[in-house]
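Asker: Please read through the structure below; I'll follow up with questions.
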Amino acid sequence: MPLPRPIPDPLGELIARRLQVLGQPLRIRLIDQLERHGEVSVQALADEAAVSVHNASQHLGILREAGVVGRRQSGRTAYYKLADTSALTVYELVSSSISEQFRHIGRKLVQGDDAGL
């Protein structure tokens with residue numbers, strides 16, 4: 001769906017909220033893990049991210065509330081999976097942009113032109 005121009009205030013607020021949810025470093029790592037491993041327990045996610053289960057659960061709850069991940073309970077174990085893969089597209093676009101910035105900075109430094117960096 002194309003982005004309406006000008007961007008209406010309510011839509012701008014929703015976009016900003018989604019970017020806030022996706023922009024936290026631990027959440028980026030958790031989403032990456034879910035993309036790579038599929039459905040994963042909170043314990044396994046916390047172990048791989050080297051954080052407490054409580055910390056991972058708090059961040060996963062925020063992602064769940066935003067509709068980015070889904071949750072399934074089996075006994076005492078909670079399992080999460082990626083529900084909205086658009087987060088990965090956002091990360092790829094940002095990563096590509098950062099890479100291009102670094103290439104530009106590198107070219108400037110090699111040329112000895114550090115003005116405007």
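Quick grid of which residues meet (1) under 19 Å from residue 17 (Cα atoms); (2) of a type outside the set (A, V, I, L, M, F, W, C); (3) in contact with a Leu (Cβ under 9 Å, 6 or more places away or on another chain); (4) modelled with pLDDT of 95 or more:
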position: 68; (1), (2), (3), (4): yes, no, yes, yes
position: 71; (1), (2), (3), (4): no, yes, yes, yes
position: 95; (1), (2), (3), (4): no, yes, no, no
position: 106; (1), (2), (3), (4): no, yes, no, no
position: 109; (1), (2), (3), (4): no, no, yes, no
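Asker: Can you find, within region 67-97, the residue that is surrounded by the fewest Cβ atoms within 10 Å (Cβ to Cβ) among those that are among the hydrophobic types (A, V, I, L, M, F, W, C) and more than 14 Å from residue 28 (Cα to Cα)?
Answerer: 83
Asker: Going through 99, 86, 57 one at a time, which residue ends up being at pLDDT below 95 and under 20 Å from the mean Cα position of the chain (by Cα)?
Answerer: None of the other options fit; the residue is 99.
Asker: Report yes if residue 36 is out of contact with any His (no Cβ under 9 Å at 6 or more places or on another chain), without any contact (Cβ under 8 Å) to a residue 24 or more places away in the chain and either assigned by TED's automatic domain parsing to the domain that holds residue 95 or surrounded by 13 or more Cβ atoms within 10 Å (Cβ to Cβ) (or both), otherwise no. Quick ask: steps written out before the conclusion?
Answerer: Numbers: out of contact with any His (no Cβ under 9 Å at 6 or more places or on another chain): yes; without any contact (Cβ under 8 Å) to a residue 24 or more places away in the chain: yes; either assigned by TED's automatic domain parsing to the domain that holds residue 95 or surrounded by 13 or more Cβ atoms within 10 Å (Cβ to Cβ) (or both): no.
When the stated conditions are applied, residue 36 does not pass them.
Asker: Just for region 39-59: of the residues that are touching a residue at least 24 places away in the same chain (Cβ under 8 Å) and part of a loop (DSSP other than H, G, I, E, B), which one is surrounded by the most Cβ atoms within 10 Å (Cβ to Cβ)?
Answerer: Only one residue tops the list, namely 51.
Asker: Which residues, taken from region 17-26, are surrounded by 11 or more Cβ atoms within 10 Å (Cβ to Cβ) and without any contact (Cβ under 8 Å) to a residue 40 or more places away in the chain? Give the derivation first.
Answerer: Looking only at region 17-26, we keep the residues that are surrounded by 11 or more Cβ atoms within 10 Å (Cβ to Cβ), and these are 17-24, 26.
Within region 17-26, 20, 23, 24, 26 meet the criteria.
Asker: Moving on to the next point. Scan region 81-110 and report the pairs whose first residue is in a strand (DSSP E or B) and whose second residue is of a type in the set (D, E, K, R) and surrounded by 10 or more Cβ atoms within 10 Å (Cβ to Cβ), with Cβ atoms within less than 7 Å and a gap of 6+ or a chain change.
Answerer: Cβ pairs passing all conditions: 81/39; 82/35.
Asker: Ok, one more. Among the residues of region 1-38, write down those that are among the small types (Gly, Ala, Ser) and assigned to a loop (DSSP other than H, G, I, E, B).
Answerer: If the condition is that a residue be among the small types (Gly, Ala, Ser) and assigned to a loop (DSSP other than H, G, I, E, B), then 23, 38 are the ones that fit.
The values are calculated or read from the model by the stated rules, or taken from the named source; none is laboratory data. Every value quoted in this text rests on a predicted model; they were computed, and no experiment measured them. Methodologically, a virtual Cβ is constructed for each residue, glycine included, from the backbone with ideal geometry; neighbour enumeration extends over all protein chains shown.
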